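Trainee: Input: one structure, supplied below.
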Amino acid sequence: MTADILTDDEEAELLAKLDRITEEFKVEIAVATVNGTGDMTASEYVEYYFDNSSLGIGDERDAVLFLIDMEAREFRILSNGRNLGAAAISADD
């Protein structure tokens, strides 16, 4: 469930910036906002979200996913693919 925290204009501006970064670095950059992660921790959820999405470029699914959980007021960053490793990063790390 998306948290829908941006206006349409803000979302369009953010997507344009992310598209430019994706094109420049050949790594898909994505942001997901949610209102809770159910029974999962934020770290589990960011991996679940990525695994069940079509995010990523190429066979290695090169991507960085920034997940914001508004309910828990937490965020996680997952990187995947070439030269990125597969790591979930939190504010606690």
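The values are calculated or read from the model by the stated rules, or taken from the named source; none is laboratory data. These figures come from a predicted structure and were not determined experimentally. Cβ coordinates were reconstructed from backbone atoms using ideal geometry, including for glycine residues, and neighbour counts include every protein chain displayed. Accessible surface is based on the protein model in full, side chains and every heavy atom, while ligands, DNA and RNA are left aside. Shrake-Rupley method; radii C 1.70, N 1.55, O 1.52, S 1.80 Å.
Trainee: I want the antiparallel fraction of DSSP beta bridges within the chain, as a percent rounded to 5. Mind dumping the intermediate values first?
Mentor: Working: 13 of 20 bridges.
The answer is about 65 percent antiparallel.
Trainee: If I compute Cα extents along the principal axes in Å from the structure I just sent, which labelled value in [x] 33, 32, 24; [y] 51, 27, 22; [z] 47, 37, 21 lines up?
Mentor: Identified label for the calculated read-out: [x].
Trainee: Using 1/(1 + (r/R0)^6) with R0 = 22 angstrom and r between the beta carbons of residue 26 and residue 77, what's the FRET efficiency to the nearest 0.05?
Mentor: Efficiency for this residue pair is about 0.75.
Trainee: Can you work out the accessible area per residue across the chain, with the rest of the protein chains kept in place, probe 1.4 Å, in square angstrom? If you can, show how the numbers build up before the last one.
Mentor: Details: 6190 Å² over 93 residues.
So the chain comes to 67 Å² accessible per residue, rounded to a whole number.
Trainee: GNM, the chain, Cα, under 10 Å: largest mean-square fluctuation among 24, 74, 47?
Mentor: Looking only at 24, 74, 47, the biggest GNM fluctuation is shown by 24.
Trainee: Quick one: Karplus J couplings for region 19-27, per residue in order, coefficients 6.51, -1.76, 1.60, θ = phi - 60°, nearest Hz, x for Gly and Pro?
Mentor: 4, 5, 5, 4, 5, 5, 9, 6, 9
Trainee: Once neighbouring chains are kept in place and the probe is 1.4 Å, which whole percent of the accessible area of the chain is contributed by carbon and sulfur? Write out the running numbers ahead of the final one.
Mentor: Numbers: 3080 of 6190 Å².
Carbon and sulfur: 50 percent of the exposed surface of the chain.
Trainee: Set the Förster distance to 25 Å, then compute FRET efficiency between residue 41 and residue 6 from the Cβ-Cβ distance, nearest 0.05.
Mentor: With a Förster radius of 25 Å, E is 0.50.
Trainee: Over the chain, what is the relative contact order in percent, taking alpha-carbon pairs closer than 8 angstrom and at least six residues apart?
Mentor: Numbers: 149 pairs, mean separation 23.5, N = 93.
That works out to 25 percent.
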